[in-house]
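Taking it in order: structure first as structure tokens, then the write-up.
The values are calculated or read from the model by the stated rules, or taken from the named source; none is laboratory data. Just so you know, these numbers come straight off a predicted model, no measurement behind them. Glycine gets a Cβ as well: all are built from the backbone with ideal geometry, and neighbour counts include every protein chain shown.
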Amino acid sequence: MARITNHPILAIPQGQPFSFTFDGKPVEALPGEMISSALFAADIRVFGHHPKDGAPQGIFCANGQCSQCMVVADSVPVKACMTSATAGMVVEPMNGLPALPEVSENLQMGDTEIVDVDVLILGGGPAGMSAALELAESNVNVLLVDDKDRLGGKLVLQTHKFFGSISAVYAGTRGVDIGSKLADQVQQKKTVQVWLNSTALAIFSDGLVGIL
């Protein structure tokens with residue numbers, strides 16, 4: 001087992017363990033744990049193989065920027081380091097390129113909603129959150145969209161203490177805590193809507209932005 005049980009800075013997830021399967025074998029996970037963390041804890045290092053040369057692939061950047069840790073979870077290609085494990089999830093190695101799922105000939109599009117806002121911000125990292133906070137001070141209606149399950153961007157990965165100005169950039173505060181502070185401030189602004197787990201797909205010629 002390779003699970004961290006004690007960390008000097010971060011809280012370790014607690015809760016009742018559950019299981020999912022990887023390549024047909026049971027794997028134990030904890031609530032809130034990413035697929036990659038659970039696989040590492042089970043001493044699984046190879047998550048799949050490259051489509052060109054068959055080279056083994058697994059954790060590389062560990063922050064969602066590359067695709068080295070891609071797996072197929074419940075028939076959907078996902079990044080293992082950014083996807084939470086869930087009870088009963090069926091995870092398969094990504095060997096080669098993922099196959100497209102079968103689509104019914106009678107596929108029906110769901111209802112779409114048009115949301116009218118003054119400013120759309122794509123990305124809920126420190127820049128996106130700071131922009132939303134500044135706009136909120138002028139009562140500008142803002143929609144802040146991020147494809148992750150929480151605001152913070154790269155701040156959620158940074159455990160070191162920042163330097164510089166205390167008032168301007170929270171000097172002396174750890175990045176993870178700065179991310180939480182900014183996220184709390186954003187959530188309190190009445191003129192700011194936040195959409196998490198949402199991806200901007202396209203910007204159309206009529207000014208609309210497609211968000212899934």
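Tabulated values for the structure
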read-out	value
Of all residues making up the stretch 183-208, the number that are in a loop (DSSP other than H, G, I, E, B) and within 19 Å of ALA127 (Cβ to Cβ)	5
Set GLY124, GLY128, GLY110, GLY64: member being surrounded by 14 or more Cβ atoms within 10 Å (Cβ to Cβ), part of a loop (DSSP other than H, G, I, E, B), not aromatic (Phe, Trp, Tyr) and not assigned by TED's automatic domain parsing to the domain that holds ASP23	GLY124
Condition met for VAL156 (assigned to a loop (DSSP other than H, G, I, E, B), of a type in the set (A, V, I, L, M) and within 16 Å of VAL194 (Cβ to Cβ))	no
Within the stretch 145-175, tally of residues that are surrounded by fewer than 17 Cβ atoms within 10 Å (Cβ to Cβ) and touching a residue at least 60 places away in the same chain (Cβ under 8 Å)	5
Close pairs from the stretch 16-39: first among the β-branched types (Val, Ile, Thr) and at pLDDT 95 or above, partner surrounded by 15 or more Cβ atoms within 10 Å (Cβ to Cβ) and in a helix (DSSP H, G or I), Cβ under 8 Å, at least 6 apart	VAL27/ALA38; VAL27/LEU39
Matching residues in the stretch 128-156 - criterion: being touching a Lys or Arg at 6+ places or on another chain (Cβ under 8 Å) and closer than 13 Å to GLN185 by Cα	ALA132, LEU133, ALA136
ALA41 vs. criteria of a type outside the set (Asp, Glu) and in contact with a helix residue (DSSP H, G or I) (Cβ under 6 Å, 6 or more places away or on another chain)	no
All positions within the stretch 23-61 that are of a type in the set (A, V, I, L, M) and either within 15 Å of MET82 (Cα to Cα) or assigned to a loop (DSSP other than H, G, I, E, B) (or both)	ALA29, LEU30, MET34, ILE35, ALA38, LEU39, ALA42, ILE44, VAL46, ALA55, ILE59
Residue in the stretch 71-87 that is acidic (Asp, Glu), under 18 Å from ASN197 (Cα atoms) and either touching a Lys or Arg at 6+ places or on another chain (Cβ under 6 Å) or part of a loop (DSSP other than H, G, I, E, B) (or both) present	yes
